[in-house]
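Below you'll find the structure, written out as structure tokens, and then a few comments.
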Amino acid sequence: MGSLQLKSVRKSFGNVDVIKGIDLDVQDGEFVIFVGPSGCGKSTLLRIIAGLEDATSGSISIDGTEVATVPPAKRGIAMVFQSYALYPHLTVKDNMGLGLKQAGTPKAEIESRVDKASNMLSLDKYLARRPAELSGGQRQRVAIGRAIVREPKLFLFDEPLSNLDAALRVNTRLEIARLHRELKATMIYVTHDQVEAMTLADKIVVLDAGVIQQIGSPMELYNRPANLFVAGFIGSPA
Ligand code: ADP
Ligand code: MG
């Protein structure tokens, strides 16, 4: 489970319209990428889906249920940010388990989920370390692990690789692709990197200035871009 439906979603900050009517269907298990230039509203849209921001109008449903009144923690969503947002004073293990602890999950269950996630992410050896003792790539894996232990039906990633150097970006991208296959969860992933979009996505949503320019598979967008903006962004021959 983890389908998502957006209907006529709009968002204004003061008198600035940032999201201008978004309709989108995401199927259970799909890997959907949002691409678009800086400032086009990608993060705002993710935050609205996560419940960290209210839409000005429109509706958001997860597995067929309208979630306007459902608080973020109850939406079955986990979000991974560009800046890992780990607690510096907590160990890797405690960073990964904190959300579960706060939700009142029994200790043994937390242990077993943290074990499983750290295994998947090859973090077993680092569980006792603090974030300052990890590389950037390891920190981002902890942030991903913290999302995995919550066993969400929907993962939201906001430019998760943009703080990593080129080699780590490739590794972590492959790792996210593998997690998607193993967890079979729905993933919505924001990037402005064409390579990430083309290699990870089942479906790409091209945004510009708060409006969807085109939705399609990587090949559809590449072969049949709807307009010059999409062609330029995806890198199709003009
Ligand atoms: P992206 O993630 O695509 O770079 P954002 O969603 O962060 O874009 O921002 C879209 C637009 O909304 C930008 O112009 C940004 O300045 C504006 N914006 C985002 N959050 C706020 C906020 N809390 N208050 C006012 N304006 C905001
Ligand atoms: Mg952003």
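Every read-out reported here was derived from the displayed coordinates using simple, explicitly stated rules and does not represent laboratory data. Note that the coordinates shown come from a computational prediction; the quantities given were computed from them, not determined experimentally. Virtual Cβ from ideal backbone geometry, glycine too; neighbours counted across all protein chains shown.
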> To the nearest 20 debye, what is the magnitude of the charge dipole of the chain about its Cα centre, counting +1 on the Cβ of each Lys and Arg and -1 on the Cβ of each Asp and Glu?
Replying inline: 520
> Does region 16-59 come out rounded, prolate or oblate, given a ≥ b ≥ c as the square roots of the eigenvalues of its C-alpha gyration tensor, rounded meaning a/c under 1.5 and, failing that, prolate meaning a/b above b/c?
Replying inline: oblate
>> Report, in listed order, any pair from Lys116/Lys153; Lys20/Lys184; Lys153/Lys203; Lys107/Lys184 with a Cα-Cα distance greater than 21 Å.
In response: Lys20/Lys184; Lys107/Lys184
>> Going by amide H atoms built from the backbone, whose H comes under 5 Å of the H on Val190, apart from near neighbours?
In response: Phe34, Phe157, Asp158, Glu159
> Could you give the Stokes-Einstein D for the chain in µm² per second, using the C-alpha Kirkwood radius, 4 °C, 1.567 mPa s?
Replying inline: 70
> Based on the Cα coordinates of region 1-106, what is the per residue volume of their convex hull in Å³?
Replying inline: 145
> Name the trypsin sites (Lys or Arg not before Pro) in region 159-238 that are in a loop by DSSP and that have at most 16 other C-beta atoms within 10 Å, would you?
Replying inline: Lys184
> What residue among Asn95, Asn223, Asn15 shows peak mean-square fluctuation when the chain is described by a Gaussian network model with Cα springs under 10 Å?
Replying inline: Asn15
> Between Val35, Val205, Val67, which gets the highest mean-square fluctuation from a Gaussian network model of the chain, Cα cutoff 10 Å?
Replying inline: Val67
>> Return the Rg/Rh ratio of region 104-176 with Cα-based radii and a Kirkwood Rh.
In response: 0.97
